[in-house]
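See structure below.
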Amino acid sequence: MSQKQLAGHLGISFQQVQKYERGINRISAGRLLQIATCFGIPIEFFFDGLPSEATNEPLFRGQERVLKFAMTREGSKLNRAYLDSASPHQRKIALEVLRLPVAGRQRTVPGSNIEKAS
């Protein structure tokens with residue numbers, strides 16, 4: 001099925017389908033159900049391989065530490081500042097700054113005046 005055909009079934013533009021595909025826009029649960037119905041598959045298909053809530057398996061190593069930090073005032077401010085960043089380029093630079101070591105040889109981060117350890 002083409003993007004244009006899927007868009008027609010969903011009642012949206014094919015550009016919107018492209019944005020979903022590229023991860024520019026998030027897909028709501030209702031829209032995901034519509035997509036599953038269009039393809040004749042159960043919605044669970046999109047969640048294969050994810051840990052179930054019943055097992056309480058972490059999604060990644062260090063998840064508990066990350067969540068604990070995110071719940072602090074400092075973590076909340078950092079997350080808000082990152083999400084409010086004006087552009088993907090600005091967010092990329094912010095991540096590079098956070099990855100800088102305290103000491104060590106430095107080099108410039110591409111696209112910025114920031115130095116990074118090499």
Output the qualifying pairs, or none if there are none: Cβ atoms under 8 angstrom, residues six or more apart or on different chains, first residue in segment 88-102 and of a type in the set (A, V, I, L, M, F, W, C), second residue open to solvent by 90 Å² or more (accessible area, probe 1.4 Å). Leu100/Glu115
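I'd like to know if segment 56-75 contains one or more residues that are modelled with pLDDT under 75, under 22 Å from the mean Cα position of the chain (by Cα) and either farther than 25 Å from Ile27 by Cβ or in a helix (DSSP H, G or I) (or both). Steps first, please.
In the first step, residues of segment 56-75 are kept if they are modelled with pLDDT under 75; the result is 56-60.
Restricting the remaining residues to those that are under 22 Å from the mean Cα position of the chain (by Cα) gives 56-60.
If we keep only those that are either farther than 25 Å from Ile27 by Cβ or in a helix (DSSP H, G or I) (or both) as well, we get 56.
Yes, that holds for at least one residue.
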Take Gln18 and decide whether it is at pLDDT 90 or above, surrounded by 11 or more Cβ atoms within 10 Å (Cβ to Cβ) and farther than 28 Å from Pro88 by Cα. no
Given the structure, is Phe46 at pLDDT 85 or above, part of a helix (DSSP H, G or I), open to solvent by 70 Å² or more (accessible area, probe 1.4 Å) and not charged (D, E, K, R)? no
Across segment 14-43, what is the number of residues that are more than 18 Å from Lys4 (Cα to Cα), in a loop (DSSP other than H, G, I, E, B) and out of contact with any helix residue (DSSP H, G or I) (no Cβ under 7 Å at 6 or more places or on another chain)? 3
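The values are calculated or read from the model by the stated rules, or taken from the named source; none is laboratory data. None of the values given here were measured: they were computed from a predicted structure. Cβ coordinates were reconstructed from backbone atoms using ideal geometry, including for glycine residues, and neighbour counts include every protein chain displayed. Ligands, DNA and RNA are excluded from the accessible area calculation, which covers all protein heavy atoms including side chains. Shrake-Rupley method; radii C 1.70, N 1.55, O 1.52, S 1.80 Å.
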